[in-house]
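Since the structure comes first, as structure tokens, the remarks are kept for the end.
Please treat every number below as a calculation from the coordinates, not as lab data. Just so you know, these numbers come straight off a predicted model, no measurement behind them. Positions of Cβ are generated from backbone atoms using ideal geometry, with glycine treated the same way; all protein chains shown enter the neighbour counts.
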Amino acid sequence: MRDPMQERTMHGKDGAAPACSPTWTDYTDLLDSLNAIVWEGDPHTFQFTFVSRAAERLLGYPVDQWLKEPTFWCDHIHPDDRDWAVSFCANATMEGRDHVFEYRMLAADGRVVWLRDVVSVVTENGRPVKLRGIMVDITEEKLAQERFTRAFRNAPTATIITTFEEGRIVEVNDRFERLSEFTRDELIGRTVIELGLWVNLDDRARLLAQVSQHGLVRNFETLLRTKSGKVCVVSASVTTIELEGKPCLLANLLDITERKQMEQALRESEEAFRMLFEANPLGIGLYRPDGTFLRCNAALQKLLGYSAEELKTVDPTHPDDRAEGAQLFREVAEGRRDGYCRQKRYIRKDGRVIWANLTAAAVHDAKGDVRYIVLIAEDVTDRKHAEEALQKRLRQQAAVAELGQWALATTDLDALLQKASELAAQVLDAEFCEVMELTPDGTTLRLRAGVGWREGTVGTVTVPVGTGSPAGYTALLREPVIVADMNQEKRFHVPPLLRAHGVVSGVTVPIHAKEQLLGVLGVYSARRQPFTRDDIYCLQAIAHVLGAAIYRLRIEDALRRARDELEERVRERTAALERTNLRLREINAELASFARTVAHDLRAPLRAMQGFAAALMEDYADRLDSVGREYAQRIVAAAQRMDRLIQDLLTYSQLSRAEILLQPVPLDTVVDEVIQQLRETLRERNAQVQVDHPLPTVLGHPTTLLQVLANLVHNAVKFVADGVTPQVRVRAEEHGNWVRVWVEDNGIGIAPEHQERIFGVFERLHSADAYPGTGIGLAIVRKGVERMGGRVGVVSQVNKGSRFWFELRKA
């Protein structure tokens, strides 16, 4: 016997293939003799309408039982798989998707049988009308996969089918009977409106409009009235179906995993069997016992990339798999086995190698002789590659973890670098590995450790940072560099070391820590090797471990060297700080004395000036003309301004030097005291002050906080355009552990470029004649808030008022 994918029957001398067109009986024998269950069923209820005799052989239940029991499939699915399997198939069917899934069924003798169910959804007008599939026994394969998580069970749903327009009920399931409290006989043939199931008929009209527009509506919430009058809320998923040429609605309420099982006992004609073969998503081929290719479906042609005509003369089997495949095929053809399942490789027409799960089954004639052999191929290339990639990643992760433990425990850097070289070469299947250390001047890389290099190379070879080598180029770019073929490389030169060892491919990554380049790690191969993104990630992980270890060891060495120096510096600086503190105390005493002198010696002449000017105006006013009286008034005003200036300077100086002890301060009390203190000014300017009580309690210094708020409120009243009534608002807001206090006004505003400047000493934006003041008020505000551990700021626009704020910690 010959493998049907390898050998073809001999043609007659006219080149024509033997005339052998399968008949109805042939198809029947084919389907009944497969070592797989060929079936057909209803897309809405999942009741079987046809199963092949293999169903009885594989699971032990008579074919009649499969067909007569409406819920046979659901009932005999393993309890742990039942809900998710039904739900998965239902969703895929509703979406019109062919699908493949694996689950367990309970055989008649109590065995648990794993099945791979390959399902084809037959649609009409975009709606599912029929399911066709093949169940393949994969129990032996699944015995090795018991680690996969078992699905949890889902609750069933109530299902109802009605005509589209009038809502006449065609069918319901048991769950709907229990939900609605009507019996099936009371429901079938009557409309949902006459039964009063819809609480809100506008909802029904809206649902019909959405279904007409989209064809499928999910999670539609509405109210359902039961027979007893109870109203319940249901979530409905609704789609349109066609029954006997009439449009209908299929609705799932609450849980979509169980639906009302609808009766459909239609048998398919010969064309149905043909469609089961042609439309199957798995590749299927028919062969004679001598290996002659008869026919295949479109899925097999798509899988292999060859047409059916080409497959008569082309064997796409991978050479390494041909001998085993031919032997197994001969055993089936000779009747020594009913069939087999195996994984094998094919070479597609485009040259790509693919993996397939191949299932073979013999079809016998009435005498029991093998008439046909059916091969079913499922593409598992992606799964195979994913498994291989996963195993490789696991090996790489284990190597990185092992190296990480080494790095944490060792203080021998050379041993660690050598260990890293060996692990990197091993997990990346490379012959060479190098750890290049960056010299202190940052211009040269030295081969510090490695594997695969000739004796005497490690420790002596150096390359410059730049385009003279892959490692130098990596250090220059500070990013990974992949080389597919050194002979075609244009980005950099290939150094003598790599040429002498016949290196063809390689990948290099930088070793760094804290954004500091420490060196380069690279692996190379003497063969053309396509390094993947996972390979780069693995090499980068090893480089990160090395970078962290090198950085740690250098830091530890630096700490040891600096320890003695630090202790000496601490002693020296402690003595210096003691001398400085003594001098600062002396300076503070001198400043305090100076402040007292300013308060007395400067203010005494000012008071004399004020007194004499006032006496001059009072005693000699009749001898002075208007100019003289104006000069005298200016002397008085200037003396008053100078006195306020001295007072503000003293306040500012005291804020800088005075010891401030923070304590809980109620803002309500402070604000009330400020308003009382400024009552004459507020009355003179007819100012309106709004306080948003209650205000929180903050950590502050009562006197300093009173000074801050008084200055802000006074400024808010003062800096207002002529003819405008001052309006001030004081409020507070909490942000976590902080309280922000706002003092808002309707004044002249401050341009953005001046909003920082105004908090400096003697900073004024307007003349003293326009807006009298010393220019120190806001400097006192900032200094006071900062001494209390807070901060201050302003939000303002010219002619749109100002909003000054300061923040203090919440008490």
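By what distance, in whole Å, do the Cα atoms of region 38-97 stretch along each of the three principal axes, largest value first?
Result, largest extent first: 31, 24, 17 Å.
Which FRET efficiency value, to the nearest 0.05, is calculated for R683 and E565 with the Förster distance at 56 angstrom and r the Cβ-Cβ distance?
Efficiency, rounded to the nearest 0.05: 0.25.
Nearest 0.05, what FRET efficiency do V724 and D692 give at R0 = 25 Å with Cβ-Cβ as r?
Step by step, r from the Cβ atoms, then E = 0.70.
Roughly how many Å is it from the Cα centre of region 319-373 to that of region 701-735, as a whole number?
Here the answer is 94 Å between Cα centres.
By how many nm would the segment from D668 to T139 grow when fully extended, if each residue of separation counts as 0.36 nm and the alpha-carbon distance is taken off?
182.5 nm
Bins of 10 Å, beginning at zero and ending with the bin holding the largest distance: percent of Cα pairs per bin for region 30-142, please.
With 10 Å bins starting at 0, P(r) equals 15, 51, 30, 4, 0.
For K227, give me every one of the lysines with a C-alpha distance below 30 angstrom, ignoring sequence neighbours fewer than eight places off in its own chain.
Here the lysines satisfying the reach criterion relative to K227 are K246, K260.
What is the spin-label model distance, in nm, from E753 to R491 if the labels are put 7 Å beyond Cα along the C-beta direction?
Inter-label distance under the simple model: 4.9 nm.
For region 155-260, rounded, prolate or oblate, judged on the Cα gyration tensor with a ≥ b ≥ c (square roots of eigenvalues), a/c < 1.5 rounded, else prolate if a/b > b/c?
It comes out rounded by the Cα gyration axes.
Multiply the residue separation of E278 and Q633 by 0.36 nm, subtract the distance between their alpha-carbon atoms, and state the gained length in nm to one decimal.
So the chain would gain 116.4 nm between E278 and Q633.
Which part of region 407-425 falls in the paramagnetic zone of T460, meaning amide N under 20 Å from the point 7 Å along Cα-to-beta-carbon?
Zone members listed by number: 418.
Is the C-alpha gyration tensor of region 659-809 telling us rounded, prolate or oblate? Criteria: a/c under 1.5 is rounded; beyond that, a/b larger than b/c is prolate, otherwise oblate.
prolate
Do me a favour and compute the ellipsoid semi-axes for region 387-561 from its Cα gyration tensor, root of five times each eigenvalue, largest one first, whole Å.
Semi-axes (√(5λ), whole Å): 23, 20, 14.
Could you work out how far apart the two model spin labels at A108 and E242 are, taking each label as a point 7 Å from the Cα in the direction of the beta carbon, and quote it in nm?
3.9 nm
Among residues other than K514 whose Cβ falls under 13 Å from its Cβ, what is the net charge (Lys/Arg +1, Asp/Glu -1)?
Every neighbour counted, the sum reads +1.
Take the cross-link list K142/K384; K344/K392; K68/K142 and give me the ones stretching past 23 Å between alpha-carbons.
K68/K142, as the Cα separations exceed 23 Å there.
Classify region 302-430 as rounded, prolate or oblate from the Cα gyration tensor: take a ≥ b ≥ c as the square roots of its eigenvalues, call it rounded if a/c is under 1.5, otherwise prolate when a/b beats b/c and oblate if not.
It comes out prolate by the Cα gyration axes.
For the pair D534 and V353, what calculated FRET efficiency results from E = 1/(1 + (r/R0)^6), where r is the Cβ-Cβ distance and R0 = 25 Å, to the nearest 0.05?
0.80
For region 65-123 and region 673-687, what is the separation of their C-alpha centers, rounded to whole Å?
So the two Cα centres are separated by 86 Å.
Mind checking which lysines have their C-alpha under 18 Å from K312, skipping anything on the same chain fewer than 8 residues away?
Cross-link targets: K13, K302, K349.
How many nm separate the modelled label positions at H318 and R393, each set 7 Å beyond the Cα in the direction of the Cβ?
Each label point lies 7 Å from its Cα, and together they span 2.2 nm.
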